[in-house]
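Below: the structure, in structure tokens.
The values are calculated or read from the model by the stated rules, or taken from the named source; none is laboratory data. Predicted model only: the values in this text are computed from it and were never measured. Cβ placement follows ideal geometry from the backbone for every residue including glycine, while neighbour counts extend to all protein chains displayed. Areas reflect the complete protein model, heavy atoms only, side chains present, ligands, DNA and RNA absent. Shrake-Rupley method; radii C 1.70, N 1.55, O 1.52, S 1.80 Å.
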Amino acid sequence: FSTYLPEIDSHRQVLEMLVGTGNDEGKIWESYFFEGPYGSGKTHLLYSQYRAVALGEEFLENLDLYTVFRTTHELLDEFQQHELGKKEMRLLQALSGENASWLHLFWDDADKFKVTDFKLEMLFHLIDMIYKHNANLSITSNLNLIELQEKLSPAICRRIDDICEKVKL
């Protein structure tokens, strides 16, 4: 987070919410839906949150989470390789295990893909597993959840809405 330099009050408030101020430790390990236009700092915040959780900032030393960072393209490619039997998808394996609730998926650019039935089915399966296992999800999108419904589906967006705190940048 040291490289994230907020220029407006709303960005400073988001940073304070994540890392905390004074005696407040912040909520770095929680689930977020970062929405905003191109260049608003969504991906920077997502990477910063991922690094803080994955590398274990001081206040997270004893927190044992399985962290995964993927772009939409990477997720969909992994699903395709998995379906073709070419590669096991560790993310799905982790969500099927006994410690599934420890998983935190950091998903960048949720709106950046061409829609097909297969892709929607796989993304629903993933988000549904995260939802059912009470795992964590932090996600970025140029679209808000209502706009994203047109691309993903209402069912996927309802689960994202239930899992994530919305942060508009």
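Sort out for me the strands (runs of 3 or more DSSP E) sitting completely within region 99-169 that have 2 or more residues that are open to solvent by 10 Å² or more (accessible area, probe 1.4 Å) and in contact with a Phe, Trp or Tyr (Cβ under 8 Å, 6 or more places away or on another chain).
It comes to 165-168.
Check off (1) at pLDDT 90 or above; (2) assigned to a helix (DSSP H, G or I) for Tyr38 and give me the number that stays unchecked.
(2)
Evaluate the following for Glu30: is it charged (D, E, K, R), at pLDDT 90 or above, open to solvent by less than 80 Å² (accessible area, probe 1.4 Å) and over 19 Å from Ile163 (Cβ atoms)?
no
How many of the residues in region 102-142 are closer than 25 Å to Ser40 by Cβ and charged (D, E, K, R)?
5
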